[in-house]
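Contents: one structure, followed by commentary.
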Amino acid sequence: MSNDQQQPQYGYGQGPEQQPQYGYGQDPQQQYAYGQDQQQYGYPQQGYPQQGYPQQAYPDPSAEQPDQGATQTWQGQTWDTQYQPPATGSYPLPPEVHAEPAPPEPVAPVPPVAAASGADGYSAPTTLGNARITDAQRARAEGRSPIIAPGIQPAAITAVLGLLLALGAAIGSYALAVPLVLLQAVTAAGWFRLNGMWPARQGIALAFAGGLVADVALLAAGRENGPAAIIGTLGVWVLLTVVLQLRSRAGADERMQGLMATVASAALAVLAAGHLAAVPDAVTVGAVAVAAAVLVRALPLPAPVSVVAALAVAAGAGAVAGGFTDLGAKGALLGLATGVCALIGLRVASYDYPSRFVHMTAGVALPLTAAAPAVYVLGRVLT
């Protein structure tokens, strides 16, 4: 066959009437720019800028593949697929570039909320929510009672302190002053903490100093001048407290709270000195009755039964202790009166979800401190 009759050889897909195949960006007469076909992509005809995204040649699948044994190299401009240019209204993002969503920010695990109350009846420390909320407010919000009795341990300490007072009164005034000073110190500290004011070292020291001055005045003036010594000391200490609060630079509300707490604490510390002004036999009977009443009140009994049982035991203990003194059977009346005062003191120390420190201070001291007026008055009347 001659050369002019020989048919030209064409590769696969390269007929005489078919144009050669070009890859994307290889046809010098045709630019496959983004947005060329409005009907296909739905965008206005607008060429995407060449300088932002350099064109890149892709191999034709119909072309003859190189030898697999040879090393194939690739040269050309590339771009970072992680970088996303800011999209504007003039230049929408091409379909080939997909913005990857940013990874979610790590969320710190939320610690579980502590239980509202532990096995001992005291609430766990607050770790979440409003840090200024008190246990009493939380108890009211949950429908629980804000009253928690001190329990058996403070009652046992009160009983021991009451027996020391009874023994000191039987020995003499100076022997009675030793446990009395301890009672006054615990009363001053417990009252401030019961009112939510802690630390309040100056107020506690001032109230305790008032109790000490009352003790010294009673020892110097004698029991017959007890009311004058107690009232005089209390008047001087109230005036001193007012002067010190006027010199304070705190706010008006804080100064008023400090004034009321200091005056009340000093009054209770001075009032406890009434044991030193009372008849020794009355102090012995009253202290024994208070010790018996708080122990029975701490037993796990229903509230009405516990109150009745505590008062009955206080009257009985007063009658027994009166048999060893000159009061005799009259000690039952004194024991009942001091038992009522002791239960009032326990109720005050149990209010508003107090802490363990309140129970071990105010819960110990207030029953004996509140019984001091009954011991002084009834002791004078019954003897």
Self-check item: Mean Cβ neighbour count within 10 Å, used as a protection proxy, ranking 281-290, 258-267, 152-161, 242-251 highest first
Solution: 281-290, 258-267, 152-161, 242-251
Quiz item: Rounded, prolate or oblate: which fits the range 274-372, taking a ≥ b ≥ c as square roots of the Cα gyration tensor eigenvalues, rounded meaning a/c under 1.5, else prolate when a/b beats b/c?
Solution: oblate
Exercise. Evaluate the range 139-190: find the radius of gyration of its Cα atoms, find its Kirkwood radius, and give the ratio Rg to Rh.
Key: 1.23
Exercise. With a 1.4 Å probe and every protein chain left in place, tell me how much accessible area R144 has, in Å² to the nearest 10.
Key: 80 Å²
Quiz item: Ranked highest first by average number of other Cβ atoms within 10 Å, how do 218-230, 334-346, 363-375, 307-319 line up?
Solution: 363-375, 334-346, 307-319, 218-230
Quiz item: Among rounded, prolate and oblate, which fits the range 147-246 when a ≥ b ≥ c are the square roots of the eigenvalues of its C-alpha gyration tensor, a/c under 1.5 means rounded, and a/b larger than b/c means prolate?
Solution: oblate
Quiz item: How big is the Cα convex hull of the range 294-350 in projection, averaged over all directions, in nm²?
Solution: 3.7 nm²
Quiz item: Can you give the FRET efficiency for L163 and R347, using 1/(1 + (r/R0)^6), R0 = 30 Å, r = Cβ-Cβ distance, to the nearest 0.05?
Solution: 0.85
Quiz prompt | Gain on full stretching of the segment that runs from R140 to V381 - 0.36 nm per residue minus C-alpha separation | solution = 82.3 nm
Quiz item: Quick one: net charge of P150's neighbours, Cβ under 11 Å, K/R +1, D/E -1?
Solution: +3
Quiz item: If r is the Cβ-Cβ distance from F357 to A329 and R0 is 35 Å, what FRET efficiency results, to the nearest 0.05?
Solution: 0.30
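The values are calculated or read from the model by the stated rules, or taken from the named source; none is laboratory data. Here the structure is a predicted model, which is why all the values come from computation and not from measurement. Neighbour counts are summed over all protein chains in view; Cβ atoms, including those assigned to glycine, are modelled from backbone coordinates with ideal geometry. Please note that ligands, DNA and RNA were not included when accessible areas were found on the heavy atoms of the full protein model with its side chains. Shrake-Rupley method; radii C 1.70, N 1.55, O 1.52, S 1.80 Å.
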